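First the structure, in the form of structure tokens, and then the observations on it.
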Amino acid sequence: MVSTPTLQTNRYKRSKTAFAEACQFLPGGVNSPVRAYKAVGGDPITVQAAKGAIVTDIDTNQYIDYVGSYGPLILGHAPESVIAAITNTARGGTSFGMPTELETKLAAMVVDAVASIDIVRFVNSGTEAVMSAIRLARAATGRPKVIKCTGCYHGHSDSLLIEAGSGAATLGVPSSPGIPTQITQNTVLIPFNDVEAVSGVFSTHSDIACVVIEPIAGNMGCIPPKPGYLQRLRDLCDQHGALLIFDEVMTGFRVAYGGAQELYSMHPDLTCLGKIVGGGLPCAAYGGTKHLMQQMAPQGPVYQAGTLSGNPLAMAAGIATLQTLRETPPYDQLDQMGEKLVQGLKSAAASAGICGGPDVQIETSRVGSMVSCFFSQQPITNYEQAITCDTDAFAKFFIAMLGKGVMLPPSQFETWFVSHAHDEPCIQQTIDAAYHAFVAVSESRSTETPPDTRS
Ligand code: KE4
């Protein structure tokens, strides 16, 4: 009998102590909420260092890492080329508040890689990139409203931290205190992968500035667009004079060198990038046609600025990362390892009696090196379905995998990232761990007392 997985304190003694100390100085002990393990329970692991596919915590436990810093580390942790670029650049200074040739070099690489981008502006986070792209769309169209999908995450700017009101295509209500309804009233929420909902919004609102979307959803687990969905968004935006913004913060350089827009042969008006473009340092970007981007200050009237925007260390890390991706494209290997992982998860679940049973089942999803394992009895194509997943089962799976040396993102609604450093032994070790974790989940369900449904 496999014991119900828990974070045994002896293995994680120093992490537990470190987290308690962090909680004295940081809200919830972290600098980004998902890291606090609220969705899976227990105290988070504190990292000592990482290399390739392996993360080492401060108790010297080692893990095969599928968090990958939530996307930037397509080459794995601390690739030599990136570390050398950062180190060598740092010796010449870390920030100037003045132009450097590194910014132009990375900008030229982004323009070369992403077909829809002629001009690009670097910022420091995906939040800033999407917030700025929406500001530009509103300025360019003279319209206030933004259409976004439930379950798509575009950072924490006020316009985008919203939940659906009653019904599907309604004006959003703030999902966080501190956001005035006057702001969220300009954001219309629709389900992902639902063309009719988009068409309906355009037929009832004539003041839509843009549709902002993750072309492959990565923040409710990995959910690909249905065939034809993205093209219909493109057509509706053209028909109604709105701009189409692809938030490729996660998918940019991840699913193809040219991002999801290359994979699906799409041409958005504005594209937001992040994560990989900075090679693991704080960097993001937004870009589009010359006509649109020349409206950004100081060339045009639309204001956006940033002290560390285009900072030389992030530029150097981004250049080194994109050079590797361009010169030795890893995408075929990432696709093969991703597929091997997904097939292995499905067979491990079946062997553990998870699939097909009356109780816990899994649905897998994958686009390239973006992978999800939903604890669900139905395929997941949007947020409304994703939130029906068995998050308790996922939490047990997460803890059991951690105990077997596999570090997953601590939420059912995060995407797993396979990196170029994840080789066949890594994938096989993950599959073997998953079998034991599925057994633990299955057995914990069979021993749990069923909820008292008589009352
Ligand atoms: P940042 O502001 O966190 O750099 O980027 C926001 C953002 C924008 N667009 C997409 C598609 C994103 O995935 C993100 C951030 N992704 C999350 C992971 N689900 C970051 C992890 C975190 O919040 O700690």
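Yes/no per residue for (1) in contact with an Asp or Glu (Cβ under 8 Å, 6 or more places away or on another chain); (2) within 19 Å of Gln304 (Cβ to Cβ); (3) within 16 Å of the ligand (Cβ to nearest atom):
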| site | (1), (2), (3) |
| --- | --- |
| Asp112 | no, no, no |
| Gly142 | no, yes, no |
| His154 | yes, yes, yes |
| Asp158 | no, yes, yes |
| Thr181 | no, no, no |
| Thr187 | no, no, yes |
| Val198 | no, no, no |
| Phe202 | no, no, no |
| Cys210 | yes, yes, yes |
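Read through the list (1) within 12 Å of the ligand (Cβ to nearest atom); (2) surrounded by fewer than 19 Cβ atoms within 10 Å (Cβ to Cβ); (3) hydroxyl-bearing (Ser, Thr, Tyr), then give the number of the only condition that Ser265 fails. The single condition Ser265 does not satisfy is (1). Scanning the stretch 232-245 turns up no residue that is small (Gly, Ala, Ser), crowded, with 20+ Cβ neighbours inside 10 Å and over 17 Å from Thr289 (Cβ atoms). When the residues of the stretch 114-140 are filtered to those that are surrounded by fewer than 24 Cβ atoms within 10 Å (Cβ to Cβ) and within 22 Å of Phe202 (Cα to Cα), the one that is nearest to the ligand (Cβ to nearest atom) is Met131. Considering the stretch 289-307, the residues that are assigned to a loop (DSSP other than H, G, I, E, B) and in contact with a helix residue (DSSP H, G or I) (Cβ under 9 Å, 6 or more places away or on another chain) include one that is nearest to Ala242 (Cα to Cα), namely Gln295.
Residues of the stretch 186-228 that are touching a strand residue (DSSP E or B) at 6+ places or on another chain (Cβ under 8 Å), assigned to a loop (DSSP other than H, G, I, E, B) and buried (at least 24 other Cβ atoms within 10 Å of the Cβ): Phe192, Glu214, Pro215, Ile216, Gly218, Gly221, Cys222. In the stretch 271-287, the condition of being touching a strand residue (DSSP E or B) at 6+ places or on another chain (Cβ under 8 Å), in the same structural domain as Met131 (by TED's automatic domain parsing) and away from the ligand (no atom under 16 Å from the Cβ) is met by no residue.
Would you confirm whether or not the stretch 31-44 contains a residue that is among the acidic types (Asp, Glu) and in a helix (DSSP H, G or I)? No - not one qualifying residue is present in the stretch 31-44. Go through the stretch 96-110 residue by residue and tally those that are surrounded by 15 or more Cβ atoms within 10 Å (Cβ to Cβ) and either assigned to a loop (DSSP other than H, G, I, E, B) or touching an Asp or Glu at 6+ places or on another chain (Cβ under 9 Å) (or both). Count: 1. Here Val67 does not qualify as in contact (Cβ under 8 Å) with a residue 60 or more places away in the chain, over 30 Å from Asp392 (Cβ atoms) and buried (at least 19 other Cβ atoms within 10 Å of the Cβ).
The C-beta contact set for the stretch 415-433 (first residue in the same structural domain as Met337 (by TED's automatic domain parsing), second residue assigned to a helix (DSSP H, G or I) and within 16 Å of the ligand (Cβ to nearest atom), distance under 9 angstrom, 6+ apart or interchain) comprises Thr415/Tyr70; Trp416/Gly68; Phe417/Gly68; Phe417/Ser69; Phe417/Tyr70; Val418/Gly68; Ser419/Gly68.
Is it fair to say Leu230 is under 22 Å from Ile119 (Cα atoms), aliphatic (A, V, I, L, M) and without any contact (Cβ under 8 Å) to a residue 40 or more places away in the chain? In short, no. Kindly establish whether Gln336 is among the polar types (S, T, N, Q), surrounded by fewer than 18 Cβ atoms within 10 Å (Cβ to Cβ), within 23 Å of the chain's Cα centre (by Cα) and farther than 18 Å from Phe417 by Cα. Taking the combined requirement at face value, the residue does not satisfy it.
The values are calculated or read from the model by the stated rules, or taken from the named source; none is laboratory data. Bear in mind that the values here come from a model prediction, so they are computed numbers and not experimental data. Cβ atoms come from the backbone with ideal geometry, glycine included; neighbour counts cover every protein chain shown.
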